[in-house]
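Everything below concerns the one structure shown next.
None of the figures in this text is laboratory data; all of them are computed from the coordinates on show. Computed from a predicted model, the values in this text were never measured in an experiment. Here the Cβ is made from the backbone with ideal geometry for all residues, glycine too, and neighbour counts use every protein chain on show.
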Amino acid sequence: MNRSGISRRKFIIGSAVGGASLVASNYLNFDSWANSKSDSNDLKITPTLCDGCGNWCAINVYTRGDRIWKAEGIPIAGNNHGRICAKGHALLHEVYNKDRIKSPLKRTGPNKFQPISWEQVYREIGEKVHEIIGKDGPQSLFLLQYPEGNASLCSRFMNALGSPNVFSHASTCFLPRNIGWWITTGSAKPEHDLEHTRFAVFLGRNIAAGLRLRQLSDLSKAKDRGARFVAIDPRFSELASYTHQWVQIRPGTDLALMLALGNTLIEENLYQRDYIDKYTEGFDELAQKFKDYTPDWAEQKTGVPKAVIRKLAHDLAEYAPQSFVHRGYHGALGTQYKNSFQLVRAVACVNGLLGNFNQRGGMFDPPKVKLGKLDSQKFPKLPEMDGVMVDGSGDVDRYPITPVGLGLTHSIPELAIAGKLKAGFVYHNNPLRTCPNPARVIEGYRKLDLLVSFDYVLSETASLAHYILPESYYLERDDVVHTNHCYDSHQVAIRQAVIKPLYDTKPMVLILIELAKSLGIGDYFNFTLDEYNRAALAPLGVTLERLKREGVIDLGGKWEPGPPHFKTPSGKLEFVSSTLKDLNLPSAPELEDPLVTPDESDIRSFRLIHGKQAHHTHAKTINQEYLKEISVLNDMTRVWIHPDRAKALGIEDGDCMTISNNVGKGRARALLTQGIHRDCIFLPSSYGVYSKKLHTAFGYGISYNDFLPTYFEPVLGHCMSNEIIVRVEKTPA
Ligand SMILES: Nc1nc2c(c(=O)[nH]1)N[C@H]1C(S)=C(S)[C@@H](COP(=O)(O)OP(=O)(O)OC[C@H]3O[C@@H](n4cnc5c(=O)[nH]c(N)nc54)[C@H](O)[C@@H]3O)O[C@H]1N2
Ligand SMILES: Nc1nc2c(c(=O)[nH]1)N[C@H]1C(S)=C(S)[C@@H](COP(=O)(O)OP(=O)(O)OC[C@H]3O[C@@H](n4cnc5c(=O)[nH]c(N)nc54)[C@H](O)[C@@H]3O)O[C@H]1N2
Ligand code: SF4
Ligand SMILES: [Mo]
């Protein structure tokens, strides 16, 4: 057998490496999909929102009879402008996945589950929660969720039970990015006027794989108009292949580069003086702080030649304010390094020096839609919550600027082991796969007296839960109205059922309303989803009927350039932050080294970095057969390694490597490429599913979390997921 240049021998090694029994092609039969389509001529188009990743692209889904047929993007939708990605198409098939949970389940042993009725599952959970609250108080409960969409009602559910412990994926994804921007500009997620920019730098942000469809299409338009782009990344990313320049940087050293850009802009008088006088705070102190961070100095740290650094500063300045350094997401500016928070602050300050905030071709605070609330006469208001979470979020003595309601998800196992958390509800999240060091996460979650999962398949986390309450898949349910996909205009959108649920599953909102009754908090849930949504829409002058008909409604008020308004304590962009000063933290950005570095005296020692692939979301889509086939055909589980480093270890392209450290050990095949920095290896983050109940994905590839120690970054508490040193060796034959 020879598939895409993979010899039979190598292919078997590849699958053995992942431990999967993969008989490619046979499991995937396109005819079966075509044949199973309905012959009905009853064609219907239902607008809804894709649930494939956090972009919430608005889509029109076509059905024939009761069978889903295809989807298209909705042109006016802010985040996708009519486009959808491979996942947006492929996940339509996921409704029919054989691995779906078909009714509520109770776990009766390891990987043993018994179907039970909704009444029984509500009753048993109700009894258990009462017992736990009686013994350990409501503070011992937590809820972990996706922090948008139905999140408002899930949080209401936890708060009604008396617990402030609402967690999200913040501590493994974006925490420093949001807090750094918020502290500096008052906007946690500024947007970019990419379409009109003339020069932009993407620092550890790969919009061509960690997809943001709107930005990709805006980038193309700007490129056609002559704009130039630079990707700064230790590896030749998908975006780098599309930009005009790729700057290869030593991983973990972006902060030194940003400080040197700031230094050059200031020392060479390249900054926007008028803008800075009017709209910023602390310039003189910043200039003093940046004095020693010269391009010469940064070259030593980053490996980026000083001439390149200087040229970057000059290019940014030449086109300012129609230029920017991208605000980042998960890559270098997310929860990756000990210095990520300082880095985000430095990036925000460099943008401040360019004077680009609220300017054409620069950055801006995206328009926000204010939704209405339930009538407090008719529906009781929740009592006020104590502001501090069990993990120290919001606690002045622990993580004072980590917001309550996002939480440090990767601390849950520790807190369970310490006996501080006793019962958990996990919705649309999979900590057993997406948090560091699975062995430890499993140990922690096992300690819980009650674990309830609301998943649609038996993910790793659901497989460990005492009860699984299956939510209907996104194509089968209505959700809370949505506003966060707007980008540059005020928009409102809705996810709604395209077909009836195939199995005995329910929409999350209905589950909450019903479960609330057996938990004694029914009074706080005495409404229907439609009532809740109508109340939300009331101030917008939009009816629920119209929203369901159109899917997305543009309310006008598109962002326009003008004088900036910064929602910071000083009302200005804070080069020097009064908030950080009050907390005795560095008030202007300063150098901080990464936590760990590879051992230079050991040729086997590497940093392990990781990243997204365009056809997968985290490790949750690899159980979808078509998406897996893309990985198989293109041999995409391989780990990138520099040819010189590989040669020294006797590793050739396609060879099996053993990767290990004191957290874990795994095997993967090598992809030899000049497109990766010598100091690191790159592991795609889409693989490593170990739930045996995900039959397509199980055992295919490995995950970075298998090597990631459990860290808590000192200021914000995030997981520092690129602070991994591993030993790489050729696997003996
Ligand atoms: N297809 C797809 N799209 C997605 C997602 C998905 O899973 N799949 N997830 C969504 C979510 S939740 C997120 S958070 C975003 C993530 O989007 P990104 O933040 O773009 O994602 P990553 O792939 O984690 O990292 C981006 C780049 O950072 C590089 N990098 C690693 N270390 C360093 C470093 O030290 N310095 C520099 N300069 N670069 C470095 C990596 O090589 C990678 O190319 O994508 C969103 N969109
Ligand atoms: N291995 C690995 N770990 C990662 C990442 C990675 O790429 N790979 N990325 C990091 C980043 S950037 C992020 S944002 C976090 C994300 O961390 P998580 O939010 O934990 O990640 P997901 O993989 O998106 O988990 C989603 C869970 O929701 C379930 N689900 C999917 N659709 C539905 C539905 O319609 N209803 C319900 N109820 N459940 C559903 C899936 O089966 C899965 O169990 O992970 C971080 N950790
Ligand atoms: S980017 Fe793709 S997976 Fe994500 S919401 Fe849009 S269509 Fe769905
Ligand atoms: Mo993320």
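Antiparallel versus total DSSP beta bridges in the stretch 605-730: what percent is that, nearest 5?
Counting DSSP beta bridges with both partners in the stretch 605-730, the antiparallel share is about 60 percent.
5 Å is the cut-off here: which amide hydrogens, built 1.01 Å from N in the peptide plane, fall below it relative to LEU573, excluding neighbours closer than 5 in sequence?
It is THR280, GLU281, by chain and number.
What FRET efficiency would be calculated for the residue pair THR543, LYS70, taking the C-beta separation as r and a Förster radius of 35 Å, to the nearest 0.05?
After rounding to 0.05, the efficiency reads 0.80.
What translational D, rounded to a whole number of µm²/s, comes out for the stretch 190-365 from Stokes-Einstein when the hydrodynamic radius is the Kirkwood one over Cα pairs, at 25 °C and 0.890 mPa s?
Details: Rh = 15.9 Å.
Answer, rounded: 155 µm²/s.
Spelling out what I want: for every residue of the stretch 66-73, take phi, set θ = phi - 60°, compute 6.51 cos²θ - 1.76 cosθ + 1.60 (Karplus), and round to whole Hz; glycine and proline get x.
My calculation for the stretch 66-73 gives 9, 10, 6, 10, 7, 9, 9, x Hz in order.
Taking R0 as 56 Å, what's the FRET efficiency between ASP386 and SER40 from their Cβ-Cβ distance, rounded to 0.05?
0.55
Modelled label-to-label distance, LYS223 and GLU131, 7 Å Cα→beta-carbon offset: nm?
Between LYS223 and GLU131, the label points sit 6.0 nm apart.
Which whole-number percentage describes the relative contact order of the stretch 605-730, with Cα contacts under 8 Å and a sequence gap of 6 or more?
It comes to 37 percent, rounded to a whole number.
Work out how much length ARG446 to LEU502 would gain on full extension: take 0.36 nm times their residue separation and subtract the Cα-Cα distance, in nm to one decimal.
17.0 nm
Can you compute the modelled spin-label distance between ILE116 and SER570, with each label point 7 Å from Cα toward Cβ, in nm?
Between ILE116 and SER570, the simple spin-label model gives 5.8 nm.
For a quick protection proxy, order the peptides 310-319, 533-542, 368-377 by their average other-Cβ count within 10 Å, most packed first.
By packing density, highest mean first, the sequence is 310-319, 533-542, 368-377.
Kindly identify the stretch 408-563 as rounded, prolate or oblate by the Cα gyration tensor criterion: order the square roots of the eigenvalues as a ≥ b ≥ c, call it rounded if a/c is under 1.5, otherwise compare a/b with b/c, prolate if a/b is larger, else oblate.
Taking the square roots of the gyration eigenvalues as a ≥ b ≥ c, the stretch 408-563 is prolate.
What shape does the stretch 577-626 take by its C-alpha gyration tensor, where a ≥ b ≥ c are the square roots of the eigenvalues and a/c under 1.5 counts as rounded, a/b above b/c as prolate, and the rest as oblate?
oblate
Need the list of lysines near LYS370 for cross-linking: C-alpha distance under 29 angstrom, and skip anything on the same chain fewer than eight residues off.
Counting by Cα, and skipping residues close in sequence, LYS370 has these lysines nearby: LYS189, LYS378, LYS381, LYS506, LYS548, LYS558, LYS567, LYS572.
How would you rank 350-359, 254-263, highest first, on the average number of other Cβ atoms within 10 Å across their residues?
Details: 350-359: 26.7, 254-263: 28.2.
Descending packing order for the listed peptides: 254-263, 350-359.
Rounded to whole Å and sorted largest first, list the principal axis extents of the Cα atoms in the chain.
Taking max minus min along each principal axis of the Cα atoms, the chain gives 70, 69, 58 Å.
If you place +1 on the Cβ of every Lys and Arg and -1 on the Cβ of every Asp and Glu, how big does the dipole about the Cα centre of the chain come out, in debye to the nearest 20?
So the dipole magnitude of the chain works out to roughly 1660 debye.
I'd like the antiparallel share, as a percent to the nearest 5, of DSSP beta bridges with both residues in the chain. Could the numbers behind the result be given before it?
Numbers: 43 of 80 bridges.
Approximately 55 percent, going by the DSSP bridge assignments.
Using θ = phi - 60° and the Karplus curve 6.51 cos²θ - 1.76 cosθ + 1.60, what whole-Hz ³J(HN,Hα) does each residue of the stretch 368-383 get, with Gly and Pro shown as x?
10, 9, 9, 7, x, 10, 4, 5, 6, 5, 8, 10, x, 7, 6, x
Can you tell me how the stretch 605-730 classifies by the Cα gyration tensor, rounded, prolate or oblate, using a/c under 1.5 as the rounded cut?
In terms of gyration-tensor shape, oblate.
Please give the FRET efficiency for ILE417 paired with THR108, using the beta carbon to beta carbon distance and R0 = 35 Å, rounded to the nearest 0.05.
Working: r = 25 Å, r/R0 = 0.70.
Calculated transfer efficiency: 0.90.
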